[in-house]
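Throughout, read-outs are computed from the coordinates displayed, never taken from laboratory work. What you are looking at is a predicted structure, and each value in this text was computed from that prediction instead of being measured. Heads up, the Cβs are rebuilt from the backbone with ideal geometry, glycines too, and the neighbour counts pull from every protein chain shown.
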Amino acid sequence: MDKIFYILAALTLIAAFMVVISRHPIRSVLFLVATFFLISAQYILLNAQFLALVNIIVYAGAIMVLFLFVIMFLNLSRDLERFASWMPIAAAGISVGGIGLLLLASYRGAQISTDTVGNYDSGLVEQIGEVLYRDYLFPMEVCSVLFLVAMIGIVLLNRKERELPAKLPLP
Amino acid sequence: MNHIPEIIRTIPLSHYVALSSALFLIGLLGVLIRKNIIIVFMCIEIMLNAVNLLMVAAASYRGDSAGQVMVLFTMAVAAAEVSVGLAIIVMIYKNLKTTNIDLFDQMKG
Amino acid sequence: MNPELILHLILWPPLAGFLINGVFGARMPKWLVSTIACFSPLLSFAASVAAYIQLAGQATTVKLYTWFVGEGSAIVDFSFLIDNLSIVMLFVVTGVGTLIHVYSIGYMSGDRGFHRFFAYLNLFVFFMLLLVLGSNLVVLFAGWEGVGLCSFLLIGFWYDNLEYNRAASKAFVMNRIGDLAFLVAIFLTIYTTGAVSFADLHDTMTNDVRINDPAYVAISLLFFIGVCGKSAQIPLFTWLPDAMAGPTPVSALIHAATMVTAGIYLIARMHFMYDLVPVTQLVIGITGCLTALVAATIALKQNDIKKILAYSTVSQLGFMAVALAAGAYITAIFHLVTHSFFKALLFLGAGSVIHGLHGEQDIRQMGGLRHKMRWTYGVMLVGTIAIAGLPPLSGFFSKDEILTAVHSHNMGFFIALALASAFTAWYMFRMFASVFHGAFRGKNETWEHVHEAPWSMRGPLVVLAVLSLAGGLLGLPAITGQSHRLYNFLVPAIVQPKISASHAFEYALWGISLAVILTLLVICFKRYGSSGPSVPSVTPSFFERLLVNKYFIDEIYERLFVHPLKIAGSWLMHRGDYGIIDRVVHFPGKVVESGAFALRNLQDGKLSSYLLYSVVALLIFLTLFLIF
Amino acid sequence: MMTAFIFLCLFAIAAMFLGFTNIRGAIVPLAFAGTSIALYSVISGQPFWNHYLTGMVETGGTAKILCALVLLNALALIPFYAWYERRGQEEVGDFTGLFLFASMGAMLMVSSTHYMSLFLGVEILSIAMYVLAGADRRKSKSNEAALKYFITGSFTSAILLFGIGMIYALTGSLEIAGAVEVEGQSLLQLAYLFVFTGFALKIAVVPFHFWAPDVYEGTPTLFTAAMASLVKLASIGAFLRIIQLNVDLLPAWLNAYYAMLILATLILGNALAIKQQSVKRLLAYSGIVQAGFILMGFISLRPGEEWPVLFYFIAYVLASVVCFVVVHFVESREGTDALDAFRGLGQRNPILAGTITLALISLAGGPFTSGFVAKLYVLNQAVANGYAALAVVAVVCTLMSVYYYYKVINAIYSKSADQALPIEPVYSGLLILFTLITLAAGILPSFFTGLLK
C-alpha cells in the first residue's frame, strides 16, 4: 500500500512540475488535469470518496474546461511563452527553495498528533451530507452567496458595451 | 464499516504534510516564474489543491469531517474564483490583447 | 464671576468669530465682518481684565473634562490654568491682538479675501489663547500646532503668488521639525514622570535634586528644539524673514508680538525643569547669543523694511532666550511684553508706510516721509527709540535688565548681547533715517500719492506708541527706588531670585549704553538721513574726516568690527542661511528621497515582481522566526 | 446577527433586480435602509435565527463592535453610489449590491470563530472587490487594477489557506480558538506566520504592500474608498480577532513581528508617498502607513484593550472616506487625480476643500482631530509596553507624513480659479457630517472610547 502512495506522490509532483515548466499552454493544462486526477487518487486512498469524485467533477471537469476554453477562445494555444530572465527565476528558485528548507527543518520538531476524534468513514457521501447540513449549514448557505457574487461579477465584467447616455452627472 | 484505511496504518501523516508542502511550493514557483497570466492562475490552483490534499489527509487520519467539509468549500471558492478570474482575463484581453503578466505596468512608482 | 465663566469668556469668542466669519463671511457686509472680528478678541481682553481683578494672583485650574486617559497614569484633561503668567500673556495676546485687528480693517479694506483674513486672524487668536491657557503639555501642544497652521495659512494668504506659497511651505516644514521634537519631548515626559500637567510636573521636579539628570536634559533639549522652530532660533530661524510674505498685520501679530514668543513662554512655563539642567541652559544661552548677533548683523545689510524688522525680531528673540538661559525668566517675559508693544508698533508703522507708498518696501526708494506722514513718523520714532534702548522708553528697561542679569551669569553672553544691542540701534536708526529723513528717492508720481494712513490704522498705532513709551513702568529697576511691578506680579507663578546689581554697575551700564546709542544715532542720521538721490556712499574728504573726529573713529570701528561682522552677516545670509542651514535642514529629506527613489524602482508595475517581493519577504520573516 | 446577514443579502439582491427596472432611483435609499436594519439588528443583539449560525459567528464583544463599524462604513459610502444613478449608469444596482455583499463578507470576517466561515468571508469580500476594481471596463487602468488585485488576492488566499491547512493538520481543529500552545512547535509557528502573511497581504503593510498603490490608482475612486476603508477594516479586524482568540497561546515573538512590520511600513510607506504626483496613489501609501499605526495597537494586546485599535478605525475610516470621495468629485470633473487638478479647489468648492483639508490633517495627526487622539492612543500602547523607541520612530514618521499631506493642502489653497465645481448638497452635507464627527472624536474622544469599551 505504501508503494502506491509513493508512486502516486512522485507522479503528482512530476505532473505539477510539468505544468510549471511546459512552455505550451495546452500542455500545461493537460498536465494540470493529470495532477488533479492523481490527487483524486490520493483522496480515494484516504477513504474520501466523495471528495475524490467532486475533485474530478469540479476541477478536472469544470475548471479545466474553463481554462481550456479561455485558452482556445483567446487563441493562445500557439503562443510559446518566454519565461522570465534568469535573475527572477534564480530569485524565485532560491526563495521557494528557502521556504522549502525551512519547512523541512521544522518538520523534525513537529508533533503531529493523530488522535481519532470521529470515524474513518467520514469521507463517504452520507457522512459528509449529514454534517454538512447539520454542523456546517451556515457556511453552506454563505457559499451560495459566494456563487451569487461571482455570477453577478462575471455578468457585470463581460456585459456588452453600451455608450453612456448623454445625461452627464450633476456636477 | 468503520475500518481504518490501510494507508493510514502504513504511512505517517507527516508524509502527506511533506507531499502537500512540496506541491504547494511547486505551485508557488510556477506563480513566480511564469509570464502567461492564465498559467500563473493555474499554478495558484495547484497551490490550492496542495492545501486540499493536506486537509483531506489530516481529516482522514483523525476521522474528522471538518477538514473534508472545508475542502468542499475550498473547491467551491476555487470554482468561483476561477470563473471571475477568467472573466477578468477575457475582459482585459479584449482591451489590451495580451496575457503577458509583465505588460500590465501602466501604473507604477 | 466664577473662574469657569471667565475662562469661557476668554477662550470662545475668537473661535465664534472665526466660525461666523468663516462660514457666513462671504455673504456679510464688510462692516459686520470687521465688527465681529474685532469684538471677539476685545471681549477676550475684557474677560482677561476680569480674570486679573477677580483671581487676584491665585492660580486657578479650570477643568472642562477629561480629554483622554493614556496608558499608565497620565490623564490628559482638557483643562486650563489661569495664573499670573498666563494673565500677562493674555493681556499681550488679546490686547495687542485687538489693536492689530482694528488696524487690519484699514489695511485690508481693499482685499478680496477680507472675511477670510479676519476668520484666520480670529482662529489664530483662539489657538494662541489655547496655548497660553493650557494647563498641560498636550493642550499647549494643540494650541502650538494650531498657531502654526494659522501662521501657514496667513503667510500664504495671497496664494496666487507662488513665491509666497513657497515661504509658507518653508515656515510649515521648519516648524514641523520643531514640533516633532516637541511631541517626542511630551512622550518622554510622560514616560519618565507619568505626568503632563504643569502642576504635576512642578511637584515632581521641584522635589528632584538631581542636576543634569539625563532624562531631563533630553527632554529639555527636545523642548528647546521645539522652541527653536517656533521662536526662530538658530538654526531654524530662516523661515521667519521669509514669512514676511504675509500681510503686514500678520507679521505684526504672529511673527513679532505673539506666536514667535510662544517658545519663550514655554520655557518660562517649564522653568522648574530648566533650573535643573544647567547643560541645556548653556545650550540655550549660546544659541540665543548667536541668534541675537547673527540676526542683528544680517539686519544691517537689509534694504527691505519688513526684512529688517524680521531680522530684528529674530535678534530680540535671541535676547529673550539668553535671559532664559541666565535663569531670569521674569526678565525674559518682561522683554517679551515690551517687545510685543514696540515691535507690533514698528511693524504696523511699516505697514502704514507700505500702505502709503502703495506696496513699496525698499528703504532705498523712500526718504523724507516725515513731511507727509506725520503721525506715522511720530509713532515710528517712539518705536525706534524704544527698541534701540533709549531711556525712559520700555525697551531700555527690559534690555537693561537682561544685560544686568546676564552680566552676573556669564560674561561672554554679556559681551555678545551688548554688541548685538549696539547693532540693533544701528540698523534701526539706519532704517528710520532712510525712511523718514533726507529727500524722497523714489519716483515722483509715487511721492504725489503718498498719504497718511486712515484713522482705523492710526488709532492702534497711537495706543501702541503710548504702551511703548510707558511699558517700562512695569519693571523699573531697583536703582530708581521703585518696585518691580512685573516681578512682584509674576513671582507666585515663577520662582526666581530678583535681578539686582550694584548701583555703580547700573550707572555705568546706563551711561555707556546711552553714550553708544546717541553716538550711533548721530552717525546714522548723518549718513542715511542726509538728502540725496540715493543712500550716499560716503566718501568724505580727508579734511572732513579730520574735522568730524567721531566719524573717523566710527570708520575704524566699522573697519575693525562692523565690517567683518557685516561680511560674516552677508555670508551667513547667502551661504549660511540659504546654503548651509537649508541644506542641513533638508538633508534628512534628501536621504529619504534617494531611499524612496530606490524603492520606487522596486515598484515597477510588474505583477510578477510584486509577487516575488512578497515571497522573499515571507522567506525573510520565516527565517527570522526560525532562528530566533 | 443572522438577521443582519439575511437583510444585507436580501437588499443586495433587491438592489440588483431594481437595476433592471426604471426605478433605479430607489436602489440607494433601499440599500441604505437595508444596511440600517442590519446595523440595528447587530447593535441590538437580535438573537433571532442565531442558531442557524451553527456557532461559527460570535455575536458579542469585539466582533459586535467591528460588525457595527463595517456597517457604519457601508452607511457612509452607500449614499455616494447614487452618483452613478445620476450619471445614468444602469449598473448602479450591481455596484450597490456587490458593495453590500462585500460588507457582508467583511462582517463575516470580523465575527468568525471558525476558519471555514472566515475564509468564506474573505472570499466574498475579495471577489466582490475584484469586480468593483474592474468596474470601469473601458479604462485600461481599471482593467489592470482588477487583474492585479485578482492575482494578488487569490495568491493571498492560497497563502492564507496553506496556513490554515497546516494549523488544521497539526492541531486537528478548524476553530480559530482551537489551537494548542504554539510556543516551541516550530511548524505550527510557521503555519501561523503563513496566516499572518495572508492578512498582511490583505491589509497591505510593507513589505507586502506592493499591489496596493497600483490597484488603488486604477480602481474607480468610489470603490477605492471602499477598498481603503472596508477591506482594511475587515482584514485588520479579522487579524485582531485571531490574535484575540489565541491571546494566551501565541508566542512571544509576535510583538517583535509587529514591530518589524510597523517599522518597515512607517519608514518605507512614508518615503514612497513623498514623491507621488497622483493623489490617489498618495492616499494609497497613506493608507499603508495608517495601517502600520493601527498595528501598533496590537502590541501586547490584552483582552479588553482593543479600543485604541477600534478608535483608530473610526478615525481612519472617516478620514479616508472623505479624502477619496473628494478625490472622486475632482477626478470626475478634471479627468485626472494628479496634484495639479487640485490647485484652486479652495476657491472652486470651499466645502470639498475644507473637508479634505481636515481629513488630511486628521490623517497627519493634527490636534483636535480624531487622528491625533487615535495616534496618541496607539503610541501610548506601544510606549506602555516598552516599545518607546518604536513610538519615537513613529513620531518622526508623522513628521515626514505631514510633508506630503501638506503638499496636497498647499495645492488646494495655492491658486485661485474661476470655474466653480459644485456638487449636490446631499454630498456636501455628508462630507461635512463626517468632518464634524472627526472633530468631535478629536475633542471628545472619551465619548467614543466609552462606546467602544
_For the stretch D:325-400 and the stretch C:176-236, what is the centre-to-centre distance using only Cα atoms, to the nearest Å?_
26
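To the nearest 500 deg cm²/dmol, what mean residue ellipticity at 222 nm is calculated for chain D from DSSP H runs of n ≥ 4 alone, each contributing -39,500 (n - 2.57), summed and divided by the residues?
-24000 deg cm²/dmol
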*What ranking do C:505-514, C:249-258 get when scored by the average of other Cβ atoms within 10 Å per residue, highest first?*
C:249-258, C:505-514
*For C:VAL62, residues with placed amide H under 5 Å, excluding near neighbours*: C:PHE80, C:LEU81, C:ILE82
*Could you work out the equivalent-ellipsoid semi-axes for the stretch A:1-80, taking the square root of 5 times each eigenvalue of the Cα gyration tensor, largest first, in whole Å?*
26, 16, 5
*For the stretch A:1-34, list residues with backbone N below 15 Å from a point placed 7 Å from the Cα of B:THR10 toward its Cβ?*
A:1-10
_On a 24 Å Cα-Cα criterion, which of the cross-link pairs D:LYS148/D:LYS280; C:LYS343/C:LYS498; C:LYS343/C:LYS399; C:LYS230/C:LYS306 come out too long?_
C:LYS343/C:LYS498
_Amide H contacts of D:VAL57 (H built 1.01 Å from N, under 5 Å, at least 5 apart or other chain)_ = D:THR113
*Classify chain C as rounded, prolate or oblate from the Cα gyration tensor: take a ≥ b ≥ c as the square roots of its eigenvalues, call it rounded if a/c is under 1.5, otherwise prolate when a/b beats b/c and oblate if not.*
rounded
*asked:* Please give the Cα centre distance for the stretch D:49-74 versus the stretch C:379-456, rounded to the nearest Å.
replied: 71
*Please list the radius of gyration and Dmax for the stretch D:252-453, considering alpha-carbon atoms only, with Å as the unit.*
17.2, 60
*In percent, how large is the relative contact order of the stretch A:1-80, given Cα pairs closer than 8 Å and 6 or more residues apart?*
32
*How large is ³J(HN,Hα), in whole Hz, for each residue of the stretch D:25-33 in order, when computed from phi with the Karplus curve 6.51 cos²θ - 1.76 cosθ + 1.60 and θ = phi - 60°, using x for Gly and Pro?*
x, 7, 4, 5, x, 5, 4, 4, 4
_If each DSSP helix of 4+ residues adds -39,500 (n - 2.57) and the sum is divided by the residues in chain C, what number results at 222 nm, nearest 500 deg cm²/dmol?_
-23000 deg cm²/dmol
*asked:* What distance in nm separates the two pseudo spin-label positions at D:SER300 and A:PHE73, each 7 Å out from Cα along the beta-carbon direction?
replied: 5.6
*Return the average number of partner chain Cβ atoms within 10 angstrom of each residue Cβ along peptide D:200-211.*
4
_Residues of type lysines that D:LYS453 reaches as a straight line, Cα spacing below 23 Å, ignoring anything fewer than 8 places off in the same chain_ = D:LYS64, D:LYS232, D:LYS375
*For the charge dipole of the protein assembly as shown, defined by +1 on Lys and Arg C-beta atoms and -1 on Asp and Glu C-beta atoms about the Cα centroid, which residue among D:PRO445, A:ILE56, C:HIS449 has the Cα displaced farthest towards the positive pole?*
C:HIS449
*Label point distance in nm, C:LEU32-C:LEU518, each placed 7 Å from Cα along Cα→Cβ*: 5.8
*Compute log10 of I(q)/I(0) for the stretch B:12-101 with the Debye formula, placing one identical point scatterer on every Cα and leaving out solvent, at q = 0.14, 0.20 Å⁻¹, to two decimals.*
-0.58, -0.93
_Sequence-separation-based contact order of chain D, relative, with Cα cut under 8 Å and 6+ spacing, percent_ = 13
*asked:* With just the Cα atoms defining each centre, how far is the stretch D:120-182 from the stretch C:99-141? Give it in Å.
replied: 52
*Which trypsin sites (Lys or Arg not before Pro) in the stretch C:404-444 pass both tests, a DSSP loop state and at most 12 other beta-carbon atoms within 10 Å?*
C:LYS443
*Please arrange C:HIS202, C:HIS451, D:HIS209 by counting, for each residue, the other beta carbons lying within 10 Å of its beta carbon, fewest first.*
C:HIS451, C:HIS202, D:HIS209
*Collect residues whose amide H, placed 1.01 Å from N in the peptide plane, falls under 5 Å from the amide H of D:GLY366; neighbours closer than 5 in sequence don't count.*
D:PHE372
*Once you have the Kirkwood Rh of the protein assembly as shown from its Cα pairs, apply Stokes-Einstein at 25 °C and 0.890 mPa s and quote D in µm²/s.*
72
_Could you derive backbone 3J(HN,Hα) for the stretch D:338-354 from the dihedral phi with the Karplus parameters 6.51, -1.76 and 1.60 (θ = phi - 60°), listing whole Hz in sequence and x where the residue is Gly or Pro?_
5, 4, 5, 5, 8, 5, x, 4, x, 9, 5, 8, x, 6, 4, 5, x
*Across peptide B:95-104, how many C-beta atoms of other chains are within 10 Å of each residue C-beta, on average?*
6
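With a cut-off of 8 Å between alpha carbons and a minimum separation of six or more residues, what is the relative contact order of chain C in percent?
Numbers: 982 pairs, mean separation 77.5, N = 628.
It comes to 12 percent, rounded to a whole number.
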*Would you order C:LEU15, C:LEU282 from fewest to most other beta-carbon atoms within 10 Å of each residue's own beta-carbon?*
C:LEU282, C:LEU15
*Using a simple spin-label model with points 7 Å from Cα along the Cα→Cβ vector, what separation in nm is obtained for C:VAL466 and B:LYS97?*
8.5
*Can you tell me the FRET efficiency between A:ILE4 and A:LEU101 if r is taken as the Cβ-Cβ distance and R0 is 35 Å, rounded to the nearest 0.05?*
0.80
*Sites C:PHE24 and C:THR623, calculated FRET efficiency, Cβ-Cβ separation with R0 51 Å, nearest 0.05*: 0.20
*How large is ³J(HN,Hα) for each residue in the stretch C:42-49, as worked out from phi by the Karplus curve 6.51 cos²θ - 1.76 cosθ + 1.60 (θ = phi - 60°), to whole Hz, x for Gly and Pro?*
5, 4, 4, 5, 4, 5, 5, 4
*Taking other Cβ within 10 Å of each residue's Cβ, how do B:VAL77, B:VAL71, C:VAL69 sort, fewest first?*
C:VAL69, B:VAL77, B:VAL71
*Please list, or write none, the lysines whose alpha carbon is within less than 16 Å of the alpha carbon of C:LYS372, excluding same-chain residues fewer than 8 places away.*
C:LYS443
*What FRET efficiency do you get for C:VAL495 and D:ALA256 if R0 is 35 Å and r is their Cβ-Cβ distance, rounded to the nearest 0.05?*
0.15
